[in-house]
Each structure stands twice: as structure tokens, then as C-alpha cells.
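Below is one structure; the comments refer to it alone.
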Amino acid sequence: MPDVVFSVDQSRSMRDQAAPGHNRWHPDIPAVATVPPDTSIRIECREWTDGQILNSDTAKDVRDVDLSVAHMLSGPVAVEGAEPGDLLVVDILDLGPVPQTRGEAPGEGWGYTGIFAKENGGGFLTEEYPQACKAVWDFRGQVATSRHLPGVRFTGITHPGLFGTAPSHDLLAKWNERERALIATDPGRVPPLALPPLEQGVLAGTLGGSDLERVGREGARTVPARENGGNHDIKNFSRGSRVLYPVHVPGAKLSGGDLHFSQGDGEITFCGAIEMGGFIDMHVDLIKDGMSKYAVSTNPIFMPGNVEPRYTEFLSFIGISVDHKTNENHYNDATLAYRNACLNAVEYLKQFGYSGEQAYLILGSAPIEGRVSGVVDIPNACCSLYLPTAIFDFDIKPNAEGPRRADRGRCAVAQ
């Protein structure tokens, strides 16, 4: 096993760890460890909300979750010799939930998927499904099942939702400038267009006092992906994958967490993956001056590994860039097209006895494939959603007899 450079006691808050992590991006958060290039390390991770979501049959915890503390990240870990302009090469060797335990924290034998309430972040289909809901999943090896979604069983593609390097002061200022400008276009929107820096709930490693207050005023929230990597939520970022991160500060300062047992493309419920705590083993190295050599400045480069379940049969649901409620055409809007593909899949699964919320949770957590199929045939973009048929213990393919409806239970709700 590689050396553990960041350890987590899953029974304690991230704030109470021997080496606290952080929940903002800021270049002045001190590194917890320094390792040489060409080194394998283990990083242990807390579940992203710091254990606010419980293994229960109510979604009040999802409805009331305090997002000012998210994401709880492990790190930063500095790499000797890393300088701005380099590329940090990260290879995922292994990762998973907490080994051989069954306890109260997500990752200790179980995880969860949540639909966030519209007023607390919402999700991709928040206009149609604005209320908080939840499904709890049990892990058995690589397989996930849920008492809240009976009839569904699948092999997860375990991956980290979030890893990245620290931004420079200049890059951080650019993030804050553009995101504040976006918020200003519709400052009262629910859910908001972006999340500006927030002093409430901030954690910045061992920093305290005025330094902590400054990170709260300046530090970027960890919700979106940005130039440093961040919250990409790429479901195929699993064992055998490689990612090359731009280095913006000395040491690179790599941090991450938000581990997922499984996820569908898009993580459409916002908390759409099967969330958990756990561990990740990785190998780190450097390509000196790699950003210039490979013209990498605004994004990491990702190379997926060969680990994924072998699903060979799919139902594909198509969406186009039309608002069918108003009959309004949107020009090549791939976001709207994918939303319609998701809604079409939800309506289909409802015919088998699932509620809309249950279907939504399935699409967020199961390894569905989301694809941009066409953005050149004006005026309609076309996106498609591929749903593996084998994840169900009944036949979902169309036939002359029609769908076989059954009592599919219910997901956890907030009432």
C-alpha cells in the first residue's frame, strides 16, 4: 500500500481531523505534506458534505444540508519541484469505499444519491422535480443496490468527483470576477447562477484568525469545474486513468475528494452520484514546462482507463433543443437537448411503476452514457442518453404486451 499522506477518521468531522482539509480554492492554504515526483501516495477522503447525510428513510437531511461547508477536500499535497507552467501527472492506481467496515459514515458499506431542493442548489431537472429526495445504496463488492429503488442492481465505476491544483492569486481573481458578473445578470435567481466567496463555513487547513477570514472573502467555492480541474464529475475517471493538471503555484498543491461509488453522465440530480468517503491511491509525477509544450492553459487533459462494466444493450432516449411546453425553438442548445433526453427517459421508466423522483435518482447514479449527438443541424441540437437494460431485474425493452407495471416502493422524501 502506498504511504498515506492524508488520513481521515470517518467517525469525525473534517474539522476535527489531526490534519484538517479545506473547502475553498485558495493559493495560501498550506500543504499538509510534500512528496517527490515519481511517487505513489494514498489520500483518504471524507464524504463531501462532511457526514451530514444519514442512512435513513427521510430526505430532510438532503433538504436541510449546509452547503457552505462543501466540498470537504483532502490536501493540499505539494510535489517537490513543481512550478507554474508544469503539468502534474496523476495516475489513479486504486480507490474505493472504506475497506472492510460497516458504520455510520457514507462509504462504510453504503452511500447515497440525493435530489437537492430547488432553493438549495437544485439539479438538472429542478423545474420538474424541485423537492428534496434521497436513495440509500448498499455496497457488496463492486455492486450497488438500494431499498429505495427496488429492481435495480449495477456495477459501479468508482471515481473521484473532484481533484485539482491550487489556483494562483491572479487566476483566483479572474474566477471571482467572471462569476460575480454572471450572478449580477440575475442576482435573485433560484437556484443561483453561481456561488460567490462565502466566509460562513470556511475551512482552510490550519489557517485561523485573519488568514482564515481572508480565505473566506477570496476563496472560490468548489462546486464547478475550472481551469485547475476541480469538480469535473467524470464517471470514467477510475482505476487506470491519467489526468494532467496545469500547475499554477509552486508545489502544485493537489487536493481532492467527493468520491463516488457510481454515477451517470451529467450527475443530473446535482448530488447525483452515489456519494461516499473512502481512499484513493495515485501516482504523481511532473512534465516540466508541460503547459507550454502541449498548449494546456485552460483545462486538464484526461485519459480514461479500461475499467468499466460491460453493458452491451441499451435503450437510447433522444432530446432536441425545443421547449415542448411552450413550443419554443432554441438554437442548437445542447443543454436543453440533454435535459429533454433525461425527461424522456424519466417518463419511460414511470410506465414500469417508478415515481418520477425514483427514475431521476436512477439516471443520476447508474452508469448511463450521455452524448452530444449533433450540434450542426440547425436549429435543433440533438443529445442522447443510453440506459443499460441489464441494470434492471425485469425487461424494460418495448414489446407488444406493454410495460410491466409493479410496486417499485418509494424513495426517501423530506416530509
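Structure summary
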{"item": "Filtered residues of the range 287-300 (kept if of a type in the set (A, V, I, L, M) and farther than 17 Å from Pro167 by Cα)", "result": "Ile287, Ala295"}
{"item": "Close pairs from the range 68-84: first in the same structural domain as Gly51 (by TED's automatic domain parsing), partner assigned to a helix (DSSP H, G or I), Cβ under 8 Å, at least 6 apart", "result": "Met72/Met14"}
{"item": "Conditions (1) touching a helix residue (DSSP H, G or I) at 6+ places or on another chain (Cβ under 6 Å); (2) part of a strand (DSSP E or B): number failed by Leu286", "result": "(1)"}
{"item": "Gly81 being in a loop (DSSP other than H, G, I, E, B) and either out of contact with any Pro (no Cβ under 6 Å at 6 or more places or on another chain) or surrounded by fewer than 18 Cβ atoms within 10 Å (Cβ to Cβ) (or both)", "result": "yes"}
{"item": "Matching entry among Thr126, Thr185, Thr158, Thr145 (being within 27 Å of Leu88 (Cβ to Cβ) and polar (S, T, N, Q))", "result": "Thr158"}
{"item": "Gly319 being surrounded by 19 or more Cβ atoms within 10 Å (Cβ to Cβ), in the same structural domain as Pro160 (by TED's automatic domain parsing) and of a type outside the set (A, V, I, L, M, F, W, C)", "result": "no"}
{"item": "Index of the failed condition, Ser316 passing every other in (1) of a type outside the set (A, V, I, L, M); (2) part of a loop (DSSP other than H, G, I, E, B); (3) at pLDDT 95 or above", "result": "(2)"}
{"item": "Matching residues, the range 199-214, being crowded, with 16+ Cβ neighbours inside 10 Å and within 23 Å of the chain's Cα centre (by Cα)", "result": "Val202, Leu203, Ala204, Gly205"}
{"item": "Qualifying residue in the range 33-45 (condition: surrounded by fewer than 16 Cβ atoms within 10 Å (Cβ to Cβ), over 25 Å from Leu172 (Cα atoms) and of a type in the set (Lys, Arg))", "result": "no"}
{"item": "Residue list for the range 329-361, restricted to those being part of a loop (DSSP other than H, G, I, E, B) and crowded, with 16+ Cβ neighbours inside 10 Å", "result": "His330, Asn332, Asp333, Phe352, Gly353, Tyr354, Ser355"}
{"item": "Residue check for Val307: over 23 Å from Thr158 (Cα atoms) and not basic (Lys, Arg)", "result": "no"}
{"item": "Scope the range 139-155; condition free of Cβ contacts under 8 Å to residues at least 40 places away in the same chain, part of a loop (DSSP other than H, G, I, E, B) and within 18 Å of Leu387 (Cα to Cα); matching residues", "result": "none"}
{"item": "For Thr326: the one exception among (1) touching a residue at least 24 places away in the same chain (Cβ under 8 Å); (2) surrounded by fewer than 15 Cβ atoms within 10 Å (Cβ to Cβ)", "result": "(1)"}
{"item": "In the range 267-301, the residues that are at pLDDT 95 or above, surrounded by 15 or more Cβ atoms within 10 Å (Cβ to Cβ) and aromatic (Phe, Trp, Tyr)", "result": "Phe279"}
{"item": "Residues (surrounded by fewer than 13 Cβ atoms within 10 Å (Cβ to Cβ) and under 28 Å from Ser321 (Cβ atoms)) located in the range 373-401", "result": "Val376, Asp377, Ile378, Pro379, Lys397, Pro398"}
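The values are calculated or read from the model by the stated rules, or taken from the named source; none is laboratory data. Every value quoted in this text rests on a predicted model; they were computed, and no experiment measured them. Here the Cβ is made from the backbone with ideal geometry for all residues, glycine too, and neighbour counts use every protein chain on show.
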